[in-house]
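Chemist: Handing you this structure, nothing more for now.
The values are calculated or read from the model by the stated rules, or taken from the named source; none is laboratory data. What you are looking at is a predicted structure, and each value in this text was computed from that prediction instead of being measured. Positions of Cβ are backbone-derived with ideal geometry, glycine not excepted, and every protein chain shown enters the neighbour counts.
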Amino acid sequence: MNAPRDVSHDEAVVAMLKADPDFANEYLAAALEEAELPGGQVALLAALRHIAEAQGMSAVAARAGIPRESLYRALSPKGNPTIKTFLAVVRGAGLHLDVSRESAVA
């Protein structure tokens, strides 16, 4: 009898994104909201990586118009994608960014 395998946080998030593709929008929006907090940029990159993994890295890379290897490199934990690459991946994942005015701007 095999013991149940522990599932990592990353694997659990990817599974949630596969089960509910609409969750990707909420997940990326939350990561964008927190991008300025300590560790937020790393979390934003991880969120985009999870979304791409859930949809298939090759498929997202093809829709983004970038080589798959470049996508893996850009979204790796040590990746530092350009804004052009970031936006291409967002579009390749079938999402878009929405900007709104902060209500508490002094």
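Chemist: Within region 26-60, take every residue that is among the polar types (S, T, N, Q) and modelled with pLDDT of 95 or more and give me the one that is surrounded by the most Cβ atoms within 10 Å (Cβ to Cβ). So that I can check it myself, show each step before the final result.
Modeler: We begin by selecting, within region 26-60, every residue among the polar types (S, T, N, Q); these are 41, 55, 58.
Restricting the remaining residues to those that are modelled with pLDDT of 95 or more gives 55, 58.
Values: Q55: 19, S58: 11.
Among residues in region 26-60 that are among the polar types (S, T, N, Q) and modelled with pLDDT of 95 or more, the one surrounded by the most Cβ atoms within 10 Å (Cβ to Cβ) is Q55.
Chemist: Also, I was wondering about something else. Would you point out which residue out of V90, V99, V14 is modelled with pLDDT under 95 and among the aliphatic types (A, V, I, L, M)? Can you show your working first?
Modeler: On the way: V90 fails: modelled with pLDDT under 95; V14 fails: modelled with pLDDT under 95.
Going through V90, V99, V14 in turn, the sole match is V99.
Chemist: Here's something else I'd like to know. Looking only at residues that are without any contact (Cβ under 8 Å) to a residue 12 or more places away in the chain and more than 18 Å from A29 (Cβ to Cβ) in region 77-95, which one is surrounded by the most Cβ atoms within 10 Å (Cβ to Cβ)? Even if it seems obvious, please write down each step before you answer.
Modeler: First, the residues of region 77-95 that are without any contact (Cβ under 8 Å) to a residue 12 or more places away in the chain: 78, 80, 82-84, 87.
Then drop every residue that is not more than 18 Å from A29 (Cβ to Cβ), which leaves 78, 80, 82, 84.
Numbers: K78: 7, N80: 11, T82: 9, K84: 9.
Only one residue tops the list, namely N80.
Chemist: Could you check A3 against (1) modelled with pLDDT under 95; (2) surrounded by 11 or more Cβ atoms within 10 Å (Cβ to Cβ) and say which number it fails?
Modeler: (2)
Chemist: Filter region 83-106 down to the residues that are within 20 Å of P67 (Cα to Cα) and of a type in the set (S, T, N, Q) and list them by number. Step through it out loud before you land on a result.
Modeler: The initial filter retains those residues of region 83-106 that are within 20 Å of P67 (Cα to Cα), namely 83-95.
T85, the sole residue that qualifies.
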